[in-house]
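The values are calculated or read from the model by the stated rules, or taken from the named source; none is laboratory data. Predicted model only: the values in this text are computed from it and were never measured. Heads up, the Cβs are rebuilt from the backbone with ideal geometry, glycines too, and the neighbour counts pull from every protein chain shown. Protein only, heavy atoms only, side chains kept; ligands, DNA and RNA dropped before computing areas. Shrake-Rupley method; radii C 1.70, N 1.55, O 1.52, S 1.80 Å.
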Amino acid sequence: MSIKDVARKQLEVIGLPPATAPERPHGLIEPILYPFRRGEMPEVQPPVGFFTDTSVCIGCKACQVACKEWNLLQAAETGLSGKSYDNTLALSAEEWRHVKFIELFDEMPLPPPPLKPTANFDDFDIKKLLDEPKVGHWLMMSDSCKHCVSAPCQLACPTGAIVHTEFANVLIQPDICNGCSSCIASCPFGVITRSAADGHSYKCTMCYDRLHDGLEPACARACPTWAINFGPIDAIKQQAEARVKQLQDRGVSQAYLYGDAATDQYSALHNFYLLLAEPGVYGLPDQAANPHNHLAGDYLRAALGLLLALAVLVAAFALVGG
Amino acid sequence: MSGLGTSFGFGACTNFPRDLVNSDCILVMGSNMAESHPVGFLWPTLAQQSGATLIHVDPRYTRTSAAADVHVTIRPGADLAFLGGIVRYIVANNRHFEEYVVHYTNAATILSPEYGMDPATGLFAGFNPATSTYDLLPESWDYVMEPGPDGAPAQPKTDPTLQDPQCVFQVLKRHFDPYTPETVANICGCRPEDVVKVAELLCRNSGRERTSAIAYSLGWTQHGTGPQIIRTAAIVQLLLGNIGRPGGGIIALRGHANVQGATDIPTLFNTLPNYLPMPHALPAQATLADYLANGHSSGARRGNVDDGLWKMDVTRGSWTNLPKYTISLLKAWYGDAATAGNEFGYQWIPKLDEDLSEMSYFIKMHRGQVKGLFLFGQNPAVGGPNARLQRDAMRKLQWLVAVDLFETESASVWYADPEGPDPKTVPTEVFLLPAAAITEKEGSLTNTERLVQWHDRAVDPPGDCHSDLWYVYQVGKRLKQLYAGSGLARDAAIRNLTWDYDDEAAAQPGEPDAEKVLRELNGYHTATGKHLKSAGELAGDGSTACGSRLYAGIFPDPEHNLARRLDGAVNPAGIFADWGWAWPGNSRVLYNRASADPQGRPWSERKKLVWWDEAQGRWTGDDVPQFETTTPPTYQPAPDATGMAAIAGDAPFGAHFDGRGWLFTPFGMADGPLPVHYEPLESPFMNALGSQQSSPLTVILQDPLNPLSPPGDPDYPLVATTYRITEHYLSGAMSRFNSWLVELQPAMFVEISPALAAARGVKNLDWVVVSTLRDEIEARALVTERMQPLTVEGRPAHVVGMLWGFGYRGEAVGESANVLSPMSLSPDADIQGTKSFACQLRAGRLGDERHVPALPMAPLPLIDLPVRQTPWAGQPEGSEQHVD
Amino acid sequence: MQSVHQATRKPTPASSPYAGQTITKLPNWSGLTAWDIWFNNLSIGVFLVAAAGALVAPAHFAPLTKYAYPLALLLLVVDLALLVGDLGDPARFHHMLRVFKPSSPMSFGTWTLSAYGLLLGIASVVAVLKWPLLAGVQAFLASAGLWGLIEVLGAAAAVLAILPAMGGILYKGVLFSVTSQAGWKDARWLGGYVTNSAVLLGCSVMVLLALVFGQSAAVAALRVAMLALLVLDAILLLLLYRGVAPAYRARYDDNQRMFFWIIVLAGGLIAPFLLLLQGTLLIAVPPLLILPAALVVRYALVLLPRPPSGK
C-alpha cells in the first residue's frame, strides 16, 4: 500500500467525502479541450489581504510550516546556511513563505575591569539609563507573494492561468499553467519559481481554498504573535496606520509601511508590511517598478524600428529593383 | 518548583501566562520565551503594545531579546547574583511595597539568635563539613516562636516596624548587601548600570498601581543553584508586592504541554500524588499515624536522615488536611481493601530509603543494579545530562521498553549509538511499543497555568499503536493477574490495587476510559459513589476516595467534566473562567487574596482582582478567590485555632502555617533559608562572593563516566550552555523525523562570538570540536554577534552555546550536546546543572571513527493528495479541477 | 563611571545578509532562447523581405518567393519547437490560446506567430507547388482548373501573413524588456533593435538565396537595403546599449566585453558595411558575418540577468 492509499483510507475513516472533482483529462482529445472550458464567474467579494507587522515577528516560522502543511508542499533539502536562522534562503515553488533574519549589531565594547564595590546609587544617571536605546537589532520578516493590486505576473501570463480572484488576491491556477516563466521574469519581488517536479509555476495562493470556507489563510492562523494580520483591506490598513503611529509615538521613528499605498511606479500591495529599516535591508526593492509601465513605449519603439527598416527596404527595392 | 513551593506554598506557576497582558513590566530571565513558548509569547507582545516594558536577561541575544525593550547579557549560571543585585537595590533604596511586605510576608518575623551567615565563606551557621549538610545547628533557621496560652501552638514573634536586627527584613538586607552593582557586574559580566536599570524598571512598575511579572523556565532550573535562583526571584516579587496580583507573579514556563500534569499526578519519586510528602523508611514514619503527625515538607535533608526530617507544621494552614488527603488517596488506590483497621493500606506503599531521582537511578543502572526501564515518550539518550553515561547505563539493563512514536535514540541505543559497542555485546532486550499520537487518544493536559483541558480522540490510532494510558492499564492488568494467587505480604499492594477503568463503550475490550481515571482523581464518596464537588468534601475517615486532591471539583458529577469546557467568554481581568478548569478550585491566580489590601479593598482600581464584599459577606471578584470564601479580612484566629481557621483574614499564603509569603524559608530548602550565589559545579571562575565555590549540598554523582573538571581548570576555560530552538522540539525525537521541520533547521550547530571565533581560527560554518572532561562533539559553528564575550573577574568569559536537541536518529542527525554535560543533583529539586558547565573549543573535526554515521532516515514521502487545486466554483476562467 | 553604550548603528542594506543579492528570480529560459530569437528573426525577416520584394519589385523577387516562403516556414518550425521545448509543460502549449491578452507580450506573440504560421503554411504549400521539381503536379492542377485558385490563395495568404509577421517580431524584444530582470528591464530599445535587425537578417538570407538562384538584380537591391539597414542597426544598437550598459558591465568581464565588441562591431557591422560599400564582389561574405554576429548579440542579451560566471 502506498502512502497515498494509506492516506485515502484515513480520509475514509474520518468521513471526509471523496474528491468530487472530475478526473484529470486523459487521452488525446480531453487535454486539448479542457483548458477552453469556462465556469461561472464567482461573485466579487470584499478584497482581503495581509498586513504583516514585522515589529512583533519572533521568527518562529510557524507561518512557513503551516503553509507547507496546508498546501502539502514538498520539503526542501536544505543545509546550514550560516545566514543567521534562515536556511530556506528564498521563496520558490516549494516555499511560499520564507522568514528572513537580519542581525545588526554594534561593536560591543567589553565592560571595563571591575571597580571597588560601591553602595552609592547616586553614581548612576537613571534617566539616561532608562532612555538609552537597546543595543543590537535582530529583524525578522515573513516574506511571501505581495498580491499586487496590479500584478506584473498577472499581466504577463499568456495562458490566463494567473488571475485576480474574487477576493482580489493573485492566484496561479495550477491546471492551466504551462510553465512559460513569463511571470517569473516579471515579478520584481522574486516570488515565483517553476517547480522542477511538474514544470509549473507556483506561489502563495492566499489559501484561496480556505477563503472559500470563510477561513483565514493558514499562515495568519498559525502566527502566534499576530504579526500576520489578515482581513478586509480597509480594516487592516487602518490597523497598520494605527500601529505605525503607536510605534512612532514611542520613539521608534524608523517604523513605516511598505506597499500599503500605490506609488507612481507600482500599485499597492495586498500583502503589505510594517518595516523597521530600509527595504533593501530586508531584500525588498527600494522602489518597485511595474515593468508594464513600459509596455506601450517599448512596442512603439519596436514598431519604429520595424517601420524604418521596412521603409528602407521598400525604398531600396523601388529604387534599384523597380 | 521547590523554590516556589517553599516561598509561597504551591510549587507551581502563580499566574496564568495570558495575565502578562496586565503586566506593566515583564522580566524574562532563565527563559527564552519567544523561542520555546512562541504561542504564549503573544501575551508579552500585547503587553508591550499597551506600554509594558519587556526585559530579557540572558547569556545570548535571542528571539526574545529581539522583541524585548531591554536586553542584558549575563554569564550562564550567574543569575542568582544578578537577582541578588536587584534585591539589594530594592531594600537599599526602600523601594519595597511596605504595606504588602509587612502584612503578607514574613519580613517582620524574628529569627533564631543562632541564625547566621558568613559572607566570607558563603555558608550559613551550622554547616557540618563532614556530612556536607547543615545539621550542626538544626534549629538555627527557625523562627522565634512565642508560646500561646494553654498549650496552643506558638505564634512567630514579629516586629512590624521591620527594625529588629534579627527580623527577616534586616537579615535580608544584610544578606544581600555584598551584591553591589559592581560586584554583580563582575560576576555576571554585565555592566553595573544593567543591574540598576533592570532593578529600577521593576521598582517603578510595582506597587499599588502597577505590577511586574517574572517569567522563567529551564534557564533557571537547570543549574546547581536552580531552586535558589527561583527563591531569589520570589524574594524580589514578594518585596515588590507582585505575588497574587494581576499582571504580577512568577510565571514558571513549563517545557511541555503536560509537565504540570505529569508532576501533579506524580512522576516525582519523592512525592505522593499532588505533592504529598513521600513516606520515608524511618521509625519516625513507621505508621500512618506517625506519618500524619510528623509530616515533612518535600525538602528533606540528605545524609544522615535519621533525625534530619523537618517537621512541617500540620496544625495550621491547609496542611492540616494532610490526613484527609492521604487517606482519600489510599482509598482511591486500594478501595475497599483499605480500612481503618489496616491503616488504609499505608504499609503497602513503598517507603523511600534513598535518593531515587532519575539521575541517581541512572547511576545505579550504570552499575548494573537496575533490571528494567520503561520510557514513555522520554529520550534520555539525548535529553539526559551526561548523555553518554545515560546511553551506557541503558545498555546495562536487562530490558528496556520504549513507548514512542519513532525509534528514538534511546530505543535504538543498543545498536545505533556511534560511540556504542558492538550490538552483539549488548545484553539489553529492547521493546519498542508504538504510541498513539495526541490526536489519537483522549485525556487531559495540565499546562503551565495549572489549567486542565480535555481533548477528545479525533481518529483511532493506526495499527498496533496505543495510548500511554492503554499500555499502563494493560501492564497493570497483567501484573494483577500474575500476582492474583500470591499470598505474600509484599504483593498485597498489587493485589489490592483498584484497577478497573474499562471503557464499556469501546469497540475493543481492554480500552481504558480516561474519564473513569478522571473520576478517581476528582474523588468520590466511597459509600455512594457520588463525585466530590470540591476538596472541602474530603474526609480522613475513609468515606472519600481521591486520587488527586488538587483536582477535586474538576468532575463534580458524571455529566460535567469541567476540563471539557470551551466557553470563550473572558472577564475584565482577562480570565476565561469557564474554559477548562484550573486547580485549585479554578483559581487562576494563586494567592490572589494578596490582590486586596489587609482591609479587603483592592490595592487600586487598576489592579483589582478579588476583594471583600461586605454586603454579601464573602470574597468576590474577577477570579475565584484562592482563600476561605467567607473569612472576613479582619478575622484574627483564636490562639488555639487549627487548620484553615488558624489563618488570618489578611494572610494570603494559606499553605504556610503563618499564612505568609516567605522571604526567609525556615524549612524546605536544604542548602539555605536565603539564596546565596555559588558558582556552577564546573566553572572557569572562582566564586567572588565567598570561599565556598559551589553549593555545598549539590550531590555529585560518582561514576567513571562522570568526571568533573575542577573550578578554574585552564583546560576548560569556556562556559558552555545548552538550549532549545523553536524549529525543533526538545530532544528532536518528534521534530527531526519531520521533513518540514528538518528543512528549517537541518543540522546541529554551536553559536560562538566573533571574538572567540577569531581566537580559535574559526570562520562561520567551520567545523569545531567542543570538549569537556566527559566527551567531545563536533558541530558546525555559527559565528554570530548575538554571542558576546563578557568580562568576568577581570578576564574574558566566552560562552559556547549549543543546541541540545540533536541525536543519531531521524532525518537530520547530529551530535548531542548533552554528552558533554555533567551529572549532578541540585539540592531540593534534583535537577541537572546542564545550563552552565566548563568546556573547550577548537577548530577541526573528530577522527573518522567518531563521525556520526549517515543513519539519517530518508524523508517519509508526503501524502500526495490533490489539494493544490482551487475549488471549482472558484475559478473565474477555468472550470474544472482535476485530481491525479 | 563607565560609558553608556553608543546608539546602535542604523541598519543599512550593506550590512544585511540579503544585501547585494539579486531579488528577482531568473525565468527558466535557457541559453537556447538566443537561438529562438535568432530563428524567429530569420523566419520573419526572410518572409517580410521576400513579401516586400514580391510586392514592390516582383520581377526580381517573385521567383525567389517559392523558396523563401518554405524556408521561412522551416525556420519558424524550428523556432516554435524551441519555444515549446522551453515551456515547463510542453504538452500544455496550447493553453496559450485560451486567452488573447495584449498586456502579455508572450500572449501577443503566441497569437501573431500562430496566425503567421498558419498563413505562411498555406503560402508555403503553394510555393512548394511552384518548384520545378513538382512541375508535374502543377500541370495536373492546372488541367483540373484549380491552379489559378491555388495561386490566388497563396498570394492572399502571403499578403495576409504580413501583419501577423510584423506582430511576430514586435513582441520578441518587448518580451524581454517588459520584465523585472537586471539589464532587460532597462533595455528600452531592445524591441526597436530586434525588429530592425530581423529585417537585416532577412536581407542577409535573401542575398544568399538570390545568389543561389541567380537573381542578380535582387542582389543589387538587397545590397542597397543592407547598407542602410546596417546604419540603422548601429544606431539602434547604440541606443540599446545606453540602457543596458551598467548591467552589461557588471555581468561581463573585460575579456568577454572585448570579445563582444570585436564580433559585433567589427564583424557584424563595420566589416560587412565596408564590403557592401565596394560593390557586389564577395557579396556572400557580409551575410555570413552578419548572421553569426546577430546570434552573439542575442546571446549577450539573453544571458544578461544571470550572475557572472564563477559566482
With all protein chains present, chain B has a carbon and sulfur share of its accessible area (1.4 Å probe) in percent of 55
Angle between chain A longest axis and helix A:3-14 axis [Cα atoms, degrees, rounded to 10]: 70
Selected from C:PRO63, C:VAL77, C:SER107, residue furthest toward positive end of dipole (region C:6-145; charges at beta carbon): C:SER107
So how much slack lies between B:ALA843 and B:SER691, counting 0.36 nm per residue of separation and subtracting their Cα-Cα distance, in nm? 51.2 nm
R0 = 22 Å: FRET efficiency of A:LEU72 with A:ASP213, Cβ-based, nearest 0.05? 0.80
Can you tell me what percent of all Cα-Cα pairs in the protein assembly as shown are more than 44 Å apart? 55
Going by alpha carbons, how many degrees (0 to 90, nearest 10) lie between the helix axis of C:58-85 and the longest principal axis of chain C? 40
Accessible area of C:THR33, 1.4 Å probe, to the nearest 10 Å²? 10
Okay, helix-only estimate at 222 nm for the protein assembly as shown: each DSSP H run of n ≥ 4 adds -39500 (n - 2.57), divide by all residues, round to 500 deg cm²/dmol; what do you get? -10000 deg cm²/dmol
From a point 7 Å beyond the Cα of C:THR22 in the direction of its Cβ, which residues of region C:237-260 have a backbone N at a distance under 20 Å? C:241-258, C:260
Peptide C:53-61 - average C-beta neighbours from other chains (10 Å radius): 4
Please report the accessible area of C:ASP253 (heavy atoms, 1.4 Å probe, ligands and nucleic acids excluded) in Å², nearest 10. 80
With charges set only on the Cβ (+1 for Lys and Arg, -1 for Asp and Glu), what does the dipole of the protein assembly as shown come to about its Cα centre, in debye to the nearest 20? 4600
Which of the listed residues, C:ILE150, B:GLY643, A:VAL191, is farthest toward the dipole's positive end in the protein assembly as shown, when Lys, Arg count +1 and Asp, Glu count -1 at the beta-carbon? C:ILE150
Convex hull projection area averaged over all views, chain C, Cα basis, nm²: 22.1
Give, rounded to the nearest 20 debye, the magnitude of the charge dipole that region C:27-302 has about its Cα centre when Lys and Arg contribute +1 at Cβ and Asp and Glu contribute -1 at Cβ. 320
Return one number: the angle in degrees, 0 to 90 and rounded to the nearest 10, between the long axis of the Cα atoms of helix A:295-316 and the longest principal axis of the Cα atoms of chain A. 40
Taking only Cα atoms and a 10 Å spring cutoff, compute GNM fluctuations for chain A and point out the largest among A:TYR266, A:TYR258, A:TYR34. A:TYR34
May I ask you to derive the FRET efficiency for B:ASP715 and B:ASP118 from their Cβ-Cβ distance with R0 = 35 Å, giving the value to the nearest 0.05? 0.65
Quick check: pseudo-label points 7 Å beyond the Cα along Cα→Cβ at A:ASN293 and B:GLU98, how many nm apart are they? 6.8
Solvent-accessible area per residue for region C:27-302 (1.4 angstrom probe, square angstrom): 37
Averaged over A:146-159, how many beta carbons belonging to a partner chain fall within 10 Å of each residue's beta carbon? 5
With r defined as the distance between the Cβ atoms of B:LYS424 and B:ASP468 and R0 fixed at 22 Å, what FRET efficiency is calculated, to the nearest 0.05? 0.10
Quick check: at a probe of 1.4 Å, how many percent of the accessible area of chain A sits on carbon and sulfur atoms? 58
Net charge dipole size for chain B [Lys, Arg +1 and Asp, Glu -1 on Cβ; Debye, nearest 20]: 800
At a probe radius of 1.4 Å, figure out the C/A buried accessible area, summed over both chains, and give it in Å² to the nearest 100. 7100
By residue number, which cysteines of chain A lack any other Cys whose Cβ falls under 4.7 Å from their Cβ? A:CYS57, A:CYS60, A:CYS67, A:CYS148, A:CYS157, A:CYS177, A:CYS180, A:CYS187, A:CYS207, A:CYS223
Compute for chains A and B the buried accessible surface, both sides summed, probe 1.4 Å, and express it in Å² to the nearest 100. 8100
Region C:27-302, accessible surface, carbon-and-sulfur percent (1.4 angstrom probe): 78
If you count, for every residue in B:65-74, the Cβ atoms of partner chains within 10 Å of its Cβ, what is the mean? 4
Taking every DSSP bridge whose two residues both lie in the protein assembly as shown, the antiparallel percent to the nearest 5 is 60
Pick out, in residue order, every one of the GluC sites (Glu not before Pro) in region B:437-528 that is DSSP loop and has at most 11 other C-beta atoms within 10 Å; say none if there are none. B:GLU504
Packing-based order for B:112-122, B:43-53, using average beta carbon neighbours within 10 Å, highest first: B:43-53, B:112-122
Going highest first, how would you order A:43-50, C:114-121 by mean Cβ packing within 10 Å? C:114-121, A:43-50
Of A:GLY259, A:GLY280, A:GLY297, the most mobile residue in a GNM of chain A (C-alpha springs, cutoff 10 Å) is A:GLY297
Starting from the Cα-Cα distance between B:ASP766 and B:ASP613, subtract it from 0.36 nm times their residue separation and give me the gain in nm to one decimal. 48.4 nm
Among the listed pairs A:LYS237/B:LYS607; A:LYS61/C:LYS25; B:LYS763/B:LYS835; B:LYS351/B:LYS480; B:LYS371/B:LYS480; A:LYS68/A:LYS100, which are separated by more than 27 Å between their Cα atoms? A:LYS237/B:LYS607
Once Lys and Arg get +1 and Asp and Glu get -1 on their Cβ, which of C:VAL244, B:GLY443, C:VAL207 lies farthest toward the positive end of the dipole of the protein assembly as shown? C:VAL207
So, for the Cα atoms of chain A, Rg and Dmax in Å stand at 26.2, 109
For A:ALA240, the net charge from surrounding residues (Cβ-Cβ under 13 Å; K, R +1; D, E -1) works out to -1
Please identify which residues in region B:635-671 have an amide N closer than 12 Å to a label point set 7 Å out from the Cα of B:ASP150, following the Cα→Cβ vector. B:639-641
